[in-house]
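In what follows, a single structure is set out as structure tokens and then discussed.
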Amino acid sequence: MYHTHSQESFETKEFAAYNPQKNIRTVGKKLGTYLNKESVPTEVNTTDYVKQVVKKKMEHKKVYELSRHSVQTAVKNISERTIVVRHSPRG
């Protein structure tokens, strides 16, 4: 499991719905813990791609390029059946 928009938050008080502490990665960690507990082997990548883009002074859309490498590496290293789901708010 990975999140390209790693700082996206569900807190409506936050500016532009971004929060470096309470965000989609927090949800992903909890979901990963639950799935593993229910015998659904799940790996959660907690990389903060937004932080990397800001640090490297890249365009925000570059999060997809940065995350693509992580996904390709993960898929290459998994020998069992794998389901990769990508959610895009733009469809």
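The values are calculated or read from the model by the stated rules, or taken from the named source; none is laboratory data. Everything numeric in this text was worked out from a predicted model, so none of it was measured. Neighbour counts are summed over all protein chains in view; Cβ atoms, including those assigned to glycine, are modelled from backbone coordinates with ideal geometry. Heavy atoms of the whole protein, side chains included, go into the accessibility calculation; ligands, DNA and RNA do not. Shrake-Rupley method; radii C 1.70, N 1.55, O 1.52, S 1.80 Å.
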| Based on what the data block shows, is T42 part of a loop (DSSP other than H, G, I, E, B) and modelled with pLDDT of 80 or more? | yes
| Going by the conditions given, is V53 closer than 14 Å to H5 by Cβ and touching a helix residue (DSSP H, G or I) at 6+ places or on another chain (Cβ under 8 Å)? | yes
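Regarding V50, is this residue open to solvent by 60 Å² or more (accessible area, probe 1.4 Å) and either at pLDDT 80 or above or outside any helix (DSSP H, G or I) (or both)? Let's see the steps before the verdict.
Values: open to solvent by 60 Å² or more (accessible area, probe 1.4 Å): no; either at pLDDT 80 or above or outside any helix (DSSP H, G or I) (or both): yes.
No: the conditions fail for V50.
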| remark: Within segment 53-73, the residues that are open to solvent by less than 60 Å² (accessible area, probe 1.4 Å) and within 12 Å of the chain's Cα centre (by Cα) are V63, L66, S67, S70, V71
| said: Pairs needed: first member in segment 45-69, within 12 Å of R25 (Cβ to Cβ); second member anywhere, basic (K, R) and open to solvent by 40 Å² or more (accessible area, probe 1.4 Å); C-beta distance under 8 Å; at least 6 residues apart or different chains. | reply: T46/K29
| field | Condition met for Y2 (of a type in the set (S, T, Y) and modelled with pLDDT under 85) | value | yes
| message | If I filter segment 10-26 down to residues being open to solvent by less than 70 Å² (accessible area, probe 1.4 Å) and at pLDDT 75 or above, which single residue comes out as nearest to A74 (Cα to Cα)? | response | R25
| query | Taking segment 29-47, which residues are of a type in the set (G, A, S) and open to solvent by 70 Å² or more (accessible area, probe 1.4 Å)? | reply | S39
